[in-house]
Each structure stands twice: as C-alpha cells, then as structure tokens.
Amino acid sequence: MTIELMYRSLEFAALLLFNIAIGALGFIPSLLVTPVNLDRFGLIGGSVLSVSGEILGALCGFWLYRYGAKLIPLSWQQHRWFRFFQRQQTKSVFWSVLLLRLVPFVPSGVVTAGAAVTPISTPLFFAASSLGKLPAVALEIAVAFGLTVLLPTRMLYSVLGIGVAVIAALALFRKRKSASLDST
C-alpha cells in the first residue's frame, strides 16, 4: 500500500466520520459537507460518502436520542413533534418517518428525535429513514455537484466556510437569547 493510498483512505475515513456526526446531530445542513465530499472523491466516491453519512448518521442519532430520551425535559416532550410521534402506532411511525424524510427542509434531527421516543424498532426506523433520505440526498448531490463544477475550488470552500460561520453565529445568538430569557 502506497503512502498516497493510505492518505486517501485516511481522508475518506475521516470524512465519513464527519458525515456521520453531521447526520447524527441532525441540525447542521449536510449540504455544507457534500460539496467537499464530491470535490475530494469525485461524483461516485463523494456520493458514497454523502449517502453513507446521511444514513448511518440518522441511525446513530436515533440511538443517541433514544438513549437520551429519558433526559429530555418534560416541557420539550410536550412539543407538538414529540406528541405527534408518541400518539402513533409503530406502523404509522414508520410511514411518518418515511414521508417526513421525503419533504424538503424538515429538520432531520426533529424527525429522528420524534421517532426515538416511540416504540419503533431500530430496523424499522433504519428502513424508513434510509428510503426516505435517498431522494433528498440525490437532489443534494446534484446541487452540490453543480457547485463543484461551476465554482473554482477556492471560492467553493469560501462559500462553505461562510455557511458554517453563519450557522455557528445563529446557534450562538439563539443560545444567548434562550439564556437571557431563562434568567428573566
């Protein structure tokens, strides 16, 4: 095995773990990392990274949310998303997860957390989530591939960096606003 192949394998593994982490968190748009996947590993390798990260990330998020469900504050459990999922039978949860994954702009983490507080089995969640994510990920890959073709590499990474900075700033603002509301 050459040094170059070892480096590429390590880079692939690191990006896969990063994609899984983003998928598990469920609130960071994966569109921020998909162009990197495609830029580094081409259309096929980048697509494999993106699809694998989305699907495995949702599964990891499901396990984490299910484990942490006992720690969710009661006020959050009264939120309409949680109540929506908790009122359904397992078969309905399967179809809800599948359909909500198909709808663009529904936060992945909300769907995953909602399903985690129901009795749906891990294999059923995995099937519904994976089937529902495939069309959305395919569309995301098409958009990201267009960006990698149209934008020079330096500009592409600048745009992605700005996206990450905006999301981080919004998260900090939201956290500070929440903390100031809690203290009043």
Residue within region 149-158 that is of a type in the set (S, T, N, Q) and under 22 Å from residue 20 (Cα atoms) present
no
Which of the residues that make up region 25-40 are surrounded by 18 or more Cβ atoms within 10 Å (Cβ to Cβ) and modelled with pLDDT of 90 or more?
33, 34, 35, 36, 37, 38, 39
Residue check for residue 128: out of contact with any Gly (no Cβ under 9 Å at 6 or more places or on another chain), part of a helix (DSSP H, G or I), in the same structural domain as residue 78 (by TED's automatic domain parsing) and within 24 Å of residue 67 (Cβ to Cβ):
yes
Inside region 23-57, can you point out the residues that are touching a Gly at 6+ places or on another chain (Cβ under 6 Å), under 19 Å from residue 161 (Cα atoms) and assigned to a helix (DSSP H, G or I)?
23, 32, 37, 38
In this structure, is residue 83 over 17 Å from the mean Cα position of the chain (by Cα), basic (Lys, Arg) and in the same structural domain as residue 114 (by TED's automatic domain parsing)?
yes
Exclusive hit being in contact (Cβ under 8 Å) with a residue 24 or more places away in the chain, aromatic (Phe, Trp, Tyr), assigned by TED's automatic domain parsing to the domain that holds residue 28 and surrounded by fewer than 19 Cβ atoms within 10 Å (Cβ to Cβ), set 95, 76
95
The lone exception for residue 123 - which of (1) within 30 Å of residue 66 (Cβ to Cβ); (2) not assigned by TED's automatic domain parsing to the domain that holds residue 65 it fails:
(2)
Extreme residue, nearest to residue 67 (Cα to Cα), among residues of region 86-120 that are within 19 Å of the chain's Cα centre (by Cα) and hydroxyl-bearing (Ser, Thr, Tyr)
112
Could you tell me how many of the residues in region 20-49 are within 25 Å of residue 115 (Cα to Cα) and among the hydroxyl-bearing types (Ser, Thr, Tyr)?
1
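The values are calculated or read from the model by the stated rules, or taken from the named source; none is laboratory data. For clarity, every value in this text was computed on a predicted model and none was experimentally measured. Here the Cβ is made from the backbone with ideal geometry for all residues, glycine too, and neighbour counts use every protein chain on show.
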